[in-house]
Amino acid sequence: MVDAAQLRLVVVGHVDHGKSTLIGRLLHDTGSLPDGKAEEVRAISARRGMPVEWSFVLDALQAERDQAITIDTTRLWFRTARRSCVIIDAPGHREFLRNMISGAAEADAAILVVDAQEGMREQTRRHAYLLHLLGITQVVVVVNKMDACGFSEARFREVGSAATGYLARIGLHPVAVIPIVARDGDNLGQASGRMPWYGGPSLLESLDGLLVAAPDSTRPLRLPIQDVYKFDERRILVGRVEAGRLRVGDSLLFSPSNRSARVATIESWGPGNAPLEAGAGDSVGFTLDEPVFVERGDVASHHDQAPKLSPLFRCHLFWLSDRPLVPGRSLRLKLATDEARVSVETVERVVDTETLEPVDRTEVRRNDMATVVLRCRELLSLDPHAESPATGRCALIDGFDTVAGGVIDLVGFPDQRPTVQRRSSDLYMVEHLLSAEARAARNGHAGAVIWLTGLSGAGKSTLAMQVERELFARGYAIYVLDGDNVRRGLNADLGFAPEDRAENIRRVGEVAALFADAGVVVITAFISPYRADRERARAAAAGCFHEVYVRADLATCERRDPKGLYQRARSGAVAEFTGISAPYEEPEDPELLVDTAENSLEACVAAVVRYVVERTAISAG
Amino acid sequence: MTSDHLRQLEQRTIYILREAYSRVKPLGMLWSIGKDSNALLWMARKAFFGNVPFPVIQLDTDMELPEVYAFRDRIVPEWNLRLQVEHCPPEAEMDQTLPPATRAAARKTEGLKNLIRRQGYRGILLGIRRDEQSTRAKERVFSPRGIDGAWDFRDQPPEFWDQYKTDVPDGAHLRIHPLLHWTELDIWLYTRQEGIPIVPLYLARDGKRYRSLGEKNITFPIDSNASSIDEIIAELETTRMPERAGRAMDHEAEDSFERLRTTGYM
Ligand SMILES: Nc1nc2c(ncn2[C@@H]2O[C@H](COP(=O)(O)OP(=O)(O)O)[C@@H](O)[C@H]2O)c(=O)[nH]1
């Protein structure tokens with residue numbers, strides 16, 4: 001009886017190097033073909049006047065037989081001495097890359113077939129690179145058609161070491177390199193009498209030594225929520241435990257919403273007691289002790305080993321679409337059970353799989369492998385792929401089609417969790433007895449956050465103070481929050497490290513939101529160079545946030561240099577200065593844009609005043 | 001085969017069922033009343049905590065064996081199923097160039113198309129398996145069909161990391177296959193483990209049993225003495241006879257089944 005877990009295998013390599021033949025022959029030699037299949041193959045081969053073509057075993061469809069190419073992923077089962085295996089046939093034609101991915105993505109190990117005469121070819125390398133990208137680390141290399149090179153040991157060594165050398169460069173170390181004749185079965189099941197110089201394992205023996213990837217219960221818990229059911233009085237959250245363990249009584253943190261609650265019960269249907277815990281690979285249902293809002297896409301974890309939060313991440317991907325991927329392109333992201341819109345921030349590199357060197361272009365074309373940075377409007381819950389595969393990889397969708405898949409890399413992207421407002425379940429919103437309308441009626445205008453953003457020296461503070469004076473004179477309840485003033489008190493504990501800058505802006509956003517809620521028009525004057533930070537401020541003041549881009553070109557700002565900061569930044573005395581040594585991310589779609597380089601101060605003030613008056617008028621809502 | 005293996009298969013099927021229910025609406029499930037779709041229904045009850053939250057559809061040719069109808073009428077109230085019976089158009093309306101048994105099977109294809117057109121289903125759950133027949137081995141878990149129900153096996157969407165294709169244009173639909181990764185033996189082992197009821201025709205009487213259930217005019221019993229699920233399992237562990245050996249349409253021409261599939265058969 002077979003005891004070890006089933007091994008999922010993918011067979012890859014250049015077209016015509018013998019993948020289908022190998023599979024057909026393996027099935028035959030392990031007695032796995034249904035009765036009549038071998039005869040059928042012999043008969044079809046004879047009818048076409050060719051020697052026995054084992055690859056016909058796979059060619060289930062008439063269309064394929066005519067073209068003599070394999071079309072798609074196929075599952076075929078066979079047994080070795082120790083275990084059962086399932087082969088996912090992967091075709092070699094270039095245009096069928098997406099089919100290979102569909103199969104290879106769920107394989108535990110790969111057999112890389114290389115023709116002894118031809119050696120490594122373009123698709124051999126491409127497939128090997130893809131295995132690496134898909135995270136498949138167990139590879140057996142078979143050097144096929146040894147009969148066609150006179151069973152030459154020298155040729156075998158040459159082809160074998162070329163393959164091993166390439167694989168080593170992408171971090172793959174084959175478990176065996178085996179000379180075979182797929183057509184005749186040499187070294188598949190047992191040692192070949194025709195290659196006495198080879199003393200290594202047969203293919204089947206080497207397969208017996210491979211490991212089956214199993215969901216890992218010892219890693220930190222990751223449970224992406226699939227759905228929330230209310231079939232009866234229970235509110236059941238369902239999802240698959242991708243890693244770790246879930247126990248009744250566990251305190252869970254949901255990301256990116258940052259809410260938490262305890263597991264009250266683990267639900268099941270059928271006889272037996274309700275389980276008290278679930279492990280990796282289980283599709284579970286559970287209830288919480290408190291009715292916190294949780295939806296599909298949230299990832300449940302434990303508090304101390306939570307996923308990262310970031311709106312930005314790097315992705316090593318394969319691109320499957322005819323329409324090239326370019327910076328700025330907007331796509332739909334599927335990450336575990338979450339879906340969100342992302343845009344391409346940068347294309348860092350496109351890889352040439354022949355040489356493994358970057359290609360000199362920033363356009364990702366069909367079947368390219370590339371590294372890109374993607375940006376989302378909201379925070380995403382993410383893990384580096386190496387730490388948590390299931391929550392560290394994604395698919396990209398364009399319209400109705402899946403156009404890419406990739407693995408996530410967060411090197412250089414800080415975890416934004418510390419800056420997320422804690423909304424723990426024991427905080428409740430207390431309702432005011434006064435309505436926003438009542439406050440607006442008293443003031444004669446609604447509250448609002450007028451968020452000025454722009455380079456240092458663009459004129460934010462000057463503009464803010466002038467607008468404040470002007471509107472105050474007209475009877476507006478108005479106040480300016482300015483960078484330096486806030487840093488003296490509210491944010492005196494913060495420095496200038498990236499996390500501190502983000503926290504600085506977060507607090508300003510929250511305070512501004514409170515001012516607006518109180519009915520005040522609050523103008524903020526902060527560089528606030530990152531879109532994500534501004535988006536968070538927008539979310540805090542939902543509905544009354546107005547982004548005003550105070551624009552002036554860098555040269556103008558540098559000429560003005562009111563605080564002498566540009567000069568110090570140029571000399572290196574100030575590090576990470578926006579515009580010089582740190583990026584400024586321009587607003588994509590600001591509510592208002594004023595250009596202080598091209599217009600007079602008076603004109604800019606008038607434009608902002610007009611905007612505020614219009615947008616806070618009571619009838620405007 | 002350990003029960004751990006069955007548990008993995010089952011948990012995956014439950015995951016797929018929940019993905020389908022969450023992402024694809026309106027959703028229905030085809031119930032052939034055979035062992036595979038019974039096992040699938042069983043797992044749906046597990047996935048949805050005793051409920052089957054979508055209609056269960058029988059494509060009726062009025063040619064099923066009487067035991068099949070009896071089984072259906074017993075299970076529907078017991079499992080609280082929302083049964084929808086779709087009567088298939090007569091054989092005379094089928095493509096007359098198809099061989100006779102294939103033509104009979106094509107009635108189901110037409111019945112299904114009519115139903116989808118009338119009810120606007122976006123997703124149809126089906127209990128087919130990859131090991132059943134070689135063209136089914138090519139299938140995706142979420143497999144899009146054109147407006148005419150056609151299957152373009154050359155142009156299938158990539159499917160990886162359980163990120164399924166869940167959106168299709170208006171008029172098109174998805175065939176969803178939560179049992180694709182099971183084998184015939186797995187299904188029997190699971191049926192035994194869980195005590196899932198089956199139509200008694202699967203068990204041998206007078207040296208014959210049905211290995212696969214189809215309409216009475218085109219499905220024939222095989223020679224067998226397996227009169228219990230244990231004996232069926234023992235038989236399967238040694239046989240190398242294809243499962244669909246008793247299905248007449250598979251043997252009429254090299255490409256019969258493929259022709260049926262590309263035009264929308266299950
Ligand atoms: N001489 C020789 N030819 C082989 C061997 N294995 C496969 N072939 C032939 O190589 C050709 C391509 O094989 P196939 O399996 O279709 O390649 P695939 O495209 O990688 O699936 C066929 O004509 C096979 O008969 C072998 O071991 N020796």
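The values are calculated or read from the model by the stated rules, or taken from the named source; none is laboratory data. On a predicted model such as this, the values are computed, not experimentally measured, just so you know. Cβ placement follows ideal geometry from the backbone for every residue including glycine, while neighbour counts extend to all protein chains displayed. Calculation scope for accessible area: heavy atoms of the full protein, side chains included, ligands and nucleic acids excluded. Shrake-Rupley method; radii C 1.70, N 1.55, O 1.52, S 1.80 Å.
Some points to look at:
- Expressed as a whole percent, the accessible area of segment B:1-126 that falls on carbon and sulfur atoms is 49 (1.4 Å probe).
- Residue B:3 paired with residue A:137, simple spin-label distance in nm, labels 7 Å along Cα-to-beta-carbon: 3.3
- Backbone N within segment A:226-268 under 12 Å of label point (7 Å from residue A:539 Cα along the Cβ vector): A:255-259
- All-pairs Cα distance distribution in segment B:37-132, expressed in whole percent, bin size 10 Å: 13, 40, 37, 9, 1
- Rel. contact order, % - alpha carbon contacts under 8 angstrom, at least six apart, chain A: 9
- Residue-normalised accessible area of chain A, expressed per residue, 1.4 Å probe, Å²: 43
- Inter-chain Cβ neighbour average for residues B:42-55, partner chain, 10 Å: 3
- All other residues whose Cβ lies under 10 angstrom from that of residue B:30 are scored, Lys and Arg at +1 and Asp and Glu at -1, for a net of +1.
- Heavy-atom accessible area, probed at 1.4 angstrom with all protein chains present, ranks B:118, A:332, A:219 as B:118, A:219, A:332, highest first.
- Volume per residue of the convex hull around the Cα atoms, evaluated for segment A:358-499, comes out as 278 Å³.
- Shielding of B:161-170 by partner chains, average beta-carbon count, 10 Å: 6
- Local charge for residue A:460 was computed over the other residues whose Cβ lies under 14 Å away, with Lys and Arg +1 and Asp and Glu -1, and equals -1.
- Model label zone, residue A:415; criterion: amide N under 18 Å from point 7 Å along Cα-to-beta-carbon; scope segment A:266-305: A:299-305
- Counting 0.36 nm for each residue step from residue A:230 to residue A:517 and taking away their Cα separation leaves a gain of 99.8 nm.
- Multiplying the residue separation of residue B:69 and residue B:193 by 0.36 nm and subtracting their alpha-carbon distance yields 42.2 nm.
- Intensity falloff of segment A:98-192 expressed as log10 I(q)/I(0), Debye formula with alpha-carbon point scatterers, at q = 0.10, 0.15, 0.18 Å⁻¹: -0.25, -0.56, -0.80
- In summary, segment A:352-407 shows an alpha-carbon radius of gyration equal to 1.32 times the 2.2 N^0.38 Å reference for compact globular proteins.
- Placing a pseudo-label 7 Å from each Cα along the Cα-to-Cβ vector at residue A:588 and residue A:617 gives an inter-label distance of 3.1 nm.
- Virtual spin-label span in nm between residue A:322 and residue A:575, 7 Å along Cα→Cβ: 5.1
- At an R0 of 25 angstrom, the distance between the Cβ atoms of residue A:48 and residue A:118 translates into a FRET efficiency of 0.55.
- Listed peptides A:16-29, A:273-286 by packing density, highest first (mean Cβ within 10 Å): A:16-29, A:273-286
- Membrane-span-like helices of chain A, defined as complete DSSP H segments with a Cα extent of 27 Å or more along the helix axis and a mean Kyte hydropathy of at least 1.6, are absent.
- Over every Cα atom in segment A:141-232, the radius of gyration and the widest Cα-Cα span, Dmax, amount to 20.8, 72 Å.
- Dimensions of segment A:216-305 along the principal axes, based on C-alpha atoms and rounded to the nearest Å, stand at 33, 27, 20, largest first.
- Taken residue by residue and averaged, Cβ atoms of other chains lying within 10 Å of the Cβ of A:225-238 number 3.
- Alpha-carbon Rg/Rh ratio, for the protein assembly as shown, with Rh computed the Kirkwood way: 1.04
- Ranked packing of A:477-488, A:545-556, most packed first, by mean Cβ within 10 Å: A:545-556, A:477-488
- Volume per residue that the Cα convex hull of segment A:469-544 spans, once the total is divided by residue count, Å³: 95
- Segment A:309-413 pair-distance distribution - Cα-Cα, 10 Å bins, rounded %: 16, 53, 28, 3
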